[in-house]
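Since the structure comes first, as structure tokens, the remarks are kept for the end.
The values are calculated or read from the model by the stated rules, or taken from the named source; none is laboratory data. Note that the coordinates shown come from a computational prediction; the quantities given were computed from them, not determined experimentally. A quick note on method: Cβ atoms are made from the backbone with ideal geometry, for glycine too, and the neighbour counts reach across all protein chains shown. The protein model used for the area step is the full one, side chains on, heavy atoms only, and it has no ligands, DNA or RNA in it. Shrake-Rupley method; radii C 1.70, N 1.55, O 1.52, S 1.80 Å.
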Amino acid sequence: QVQLVESGGGLVQPGGSLRLSCTASGNIVSTNAMGWYRQAPGKQRELVAVIRSGGRINYADSVRGRFTISRDNAKNTVNLQMNSLKPEDAAVYFCNAELLRSDIDYLTTYWGRGTLVTVSS
């Protein structure tokens, strides 16, 4: 089995920073893309940032320049450093990973359970 576990959410004032982390564990051979999505109340889940195994990164326009995604391939971990947070960044943030399991010969996608980020004064 594979699990993605997120950490680092919480309450922060506008202009503040938070760092989210997600670690994938289980019978993993390798990870391809790892990323973060978010879903605010009443809205669809949207991509925040994704980093591929080769290092290519994509950011949502709304977070580019404020958020930084990074990964540690050896630890199957992806991080999201969020700076200059705005009230509109408040959402549940979900970790996503496309990976290869040891018992399946094709890539599969997994989601974490989410971590809540609240931006409020």
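Below, the figures for the structure above:
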read-out: Residue in the stretch 90-108 that is farther than 16 Å from residue 60 by Cα, assigned to a strand (DSSP E or B) and open to solvent by 60 Å² or more (accessible area, probe 1.4 Å) present; value: yes
read-out: Residue count, the stretch 25-66 (criterion: under 25 Å from residue 102 (Cβ atoms), open to solvent by 50 Å² or more (accessible area, probe 1.4 Å) and among the β-branched types (Val, Ile, Thr)); value: 1
read-out: Single residue of the stretch 109-121 satisfying the filter (assigned to a strand (DSSP E or B), touching a residue at least 40 places away in the same chain (Cβ under 8 Å) and under 17 Å from residue 36 (Cα atoms)) that is farthest from the chain's Cα centre (by Cα); value: 118
read-out: Failed condition for residue 85, given (1) part of a loop (DSSP other than H, G, I, E, B); (2) exposed (fewer than 15 other Cβ atoms within 10 Å of the Cβ); value: (2)
read-out: Strands (runs of 3 or more DSSP E) wholly inside the stretch 1-76 that include at least 2 residues being over 16 Å from the mean Cα position of the chain (by Cα) and either at pLDDT below 95 or within 20 Å of residue 118 (Cβ to Cβ) (or both); value: 10-12, 28-39
